[in-house]
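The values are calculated or read from the model by the stated rules, or taken from the named source; none is laboratory data. Here the structure is a predicted model, which means the values were calculated and not measured. Here Cβ is always computed from backbone atoms with ideal geometry, including for glycine, and neighbour counts include all displayed protein chains. Note: areas computed on protein heavy atoms with side chains; ligands, DNA, RNA excluded. Shrake-Rupley method; radii C 1.70, N 1.55, O 1.52, S 1.80 Å.
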Amino acid sequence: MPRVPVHTRAVFFDAVGTLLFPEPSAPTVYADVAQRYGLQLAPSDVRSRFITAYRVEEAADVATQWVTSEEREHERWHRIVTQTLTGVSDPEACYRDLFDHFARPAAWRVAPDATEVFAALQSRGLVLGMGSNYDARLWLVLAGFPELAALADRVVISAAVGVRKPGTGFFQTVARIANCEPNEVLFVGDDLNNDYVGATTARMHAILLDPRGDHTHIPHRITKLSELLT
Ligand SMILES: [Mg+2]
């Protein structure tokens with residue numbers, strides 16, 4: 001069976017963890033900022049604190065049925081940073097430093113096979129786009145990556161939509177921007193719930209990017225982007 005179903009007219013990609021990767025890693029960046037503000041934390045400790053704080057915010061979003069906004073995203077990251085870096089001398093400055101850090105293209109790298117994959121999909125006449133649970137900072141990051149220009153005309157950001165992935169309303173906006181029926185859109189992402197389950201619930205086709213083989217029970221999965229072309 002082809003990776004991209006024959007009836008597909010548009011392919012949308014998640015951003016973070018699919019096309020864009022923090023470099024250095026987020027735990028390393030957090031640990032560096034913590035150290036600047038008097039707190040010694042190993043990246044592994046950052047990671048476990050971060051996951052705990054992140055899950056609390058996920059639960060809050062379940063309770064509001066995935067409603068989001070720029071304000072909500074600032075609130076989310078403020079809480080995650082202050083919880084993760086409890087013990088620093090100036091939590092507000094840490095929050096601002098980290099928020100600003102991840103708005104810079106220099107904080108990110110692009111998947112090495114992205115350009116080749118976009119060109120091949122476009123040569124098949126497919127419309128390309130991006131669907132991200134990020135906020136307005138994504139525009140600043142994208143401005144630094146000509147490799148992602150093929151998607152730039154159709155970027156769907158949850159904070160602007162008002163509903164985040166995995167909410168069905170987010171994917172309905174993706175379909176509208178793609179000018180397609182949901183079942184004509186293929187959504188590619190690395191998050192099982194936000195991307196794969198969210199898109200399939202909205203009647204899209206979905207492929208999970210699963211580089212470490214964490215979800216081998218999922219029928220439609222790839223370990224790298226270029227496998228979309230096989
Ligand atoms: Mg992702």
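Mind running the shape call on the range 138-230? Use the C-alpha gyration tensor, a ≥ b ≥ c as the square roots of the eigenvalues: rounded below 1.5 for a/c, prolate if a/b tops b/c, oblate otherwise. Please report the intermediate quantities before stating the final value.
On the way: a/c = 1.64, a/b = 1.18, b/c = 1.39.
In terms of gyration-tensor shape, oblate.
Give the residue list of trypsin sites (Lys or Arg not before Pro) in the range 93-147 that are DSSP loop and have at most 16 other beta-carbon atoms within 10 angstrom. Kindly include the intermediate steps, with their values, before the conclusion.
Working: sites: R96, R109, R124, R137; in loops: R124.
Passing sites in the range 93-147 are R124.
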Original post:
Toward the positive end of the charge dipole of the range 55-211, about the Cα centre and with charges on Cβ (Lys, Arg +1; Asp, Glu -1), which of A106, V188, A59 goes farthest?
Top reply: V188
Original post:
Nearest 20 debye, what's the magnitude of the dipole of the chain about its Cα centre given +1 on Lys and Arg Cβ and -1 on Asp and Glu Cβ?
Top reply: 360
Original post:
On average over all directions, what projected area in square nanometres does the chain have, based on the convex hull of its Cα atoms?
Top reply: 11.9
**OP:** Would you work out the charge dipole size for the range 26-106 about its Cα centre, treating the Cβ of every Lys and Arg as +1 and the Cβ of every Asp and Glu as -1, and quote it to the nearest 20 debye?
**Re:** 240
Original post:
Based on the Cβ-Cβ distance from R176 to I218, what FRET efficiency comes out when R0 is 35 Å, to the nearest 0.05?
Top reply: 0.85
Original post:
What's the FRET efficiency of D100 with R55 using the Cβ-Cβ distance as r and R₀ = 41 Å, to the nearest 0.05?
Top reply: 0.95
Original post:
Taking only protein heavy atoms and a 1.4 Å probe, what accessible area per residue, in Å², does the range 73-119 have with all protein chains in place?
Top reply: 47
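Regarding the range 26-106, what's the average projected area of the Cα-atom convex hull, expressed in nm²?
Mean orientational projected area (the range 26-106, Cα hull): 5.3 nm².
Averaged across orientations, what area in nm² does the convex hull of the alpha carbons in the range 81-196 project? Provide the component values of the computation, followed by the final result.
Numbers: hull surface 34.2 nm².
Approximately 8.5 nm², given one-decimal rounding.
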Original post:
Mind ordering 128-135, 18-25 by average Cβ neighbours within 10 Å, highest first?
Top reply: 128-135, 18-25
Subject >> Carbon + sulfur, % of accessible area of the range 1-112 - ligands and nucleic acids excluded, 1.4 Å >> reply: 55
